[in-house]
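Okay, structure first, notes after.
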C-alpha cells in the first residue's frame, strides 16, 4: 500500500474512533490515558484523525474496554484498522469478539511498572489465544 493510501486508511479508522469517543462521557480520553499509562497528548495523537500517528495494536483491547465499544462498533473499527494495517491485529482480535475480563493485580505505585505488568498480561493472553486457536 502506498504511503498516502496508508495514511488515508489510518485517518479512516481514527475517524471512527473519534466519533465513538465523542459519544462517550467527558473524561473518556483522560481515563484512556490513565489506563494506557500514557500522557493525554499521546491519546490525542493516536485517536485524532488530524494526526497520521498509527494506533498500536497492543492498545486495542484497552481502548475497546475503556470506551465501551459495542460489538458493531468494534467490527466497524477492526475492519477499517485491518485495511490500514493488514496482518497487524492480534489473532484473537481478528477472528473473535473481545470481551472484558477484570483481574486484581498489585499496584506498584509506579506508572511504568504498572504499565509493564499490564502489557505482560496482555501479551500472555494473546499467546494463549494464539495457541488455543485452530492448528495451522
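Considering only residues that are in a helix (DSSP H, G or I), under 18 Å from residue 116 (Cβ atoms) and without any contact (Cβ under 8 Å) to a residue 24 or more places away in the chain, look in segment 23-60 and name the one that is nearest to the chain's Cα centre (by Cα).
Residue satisfying both the conditions and the ranking: 59.
Inspect segment 6-13 for any residue being surrounded by fewer than 19 Cβ atoms within 10 Å (Cβ to Cβ) and free of Cβ contacts under 8 Å to residues at least 24 places away in the same chain and give the result as yes or no.
yes
Having 2 or more residues that are surrounded by 12 or more Cβ atoms within 10 Å (Cβ to Cβ) and at pLDDT below 80 is the bar; report the helices (runs of 4 or more DSSP H) wholly within segment 61-136 that clear it.
91-95, 111-132
The values are calculated or read from the model by the stated rules, or taken from the named source; none is laboratory data. Just so it is clear, the model here is predicted, and its values are computed rather than measured. When we count neighbours, we look across all protein chains shown, and the Cβ atoms used for this are built from the backbone with ideal geometry, even at glycine.
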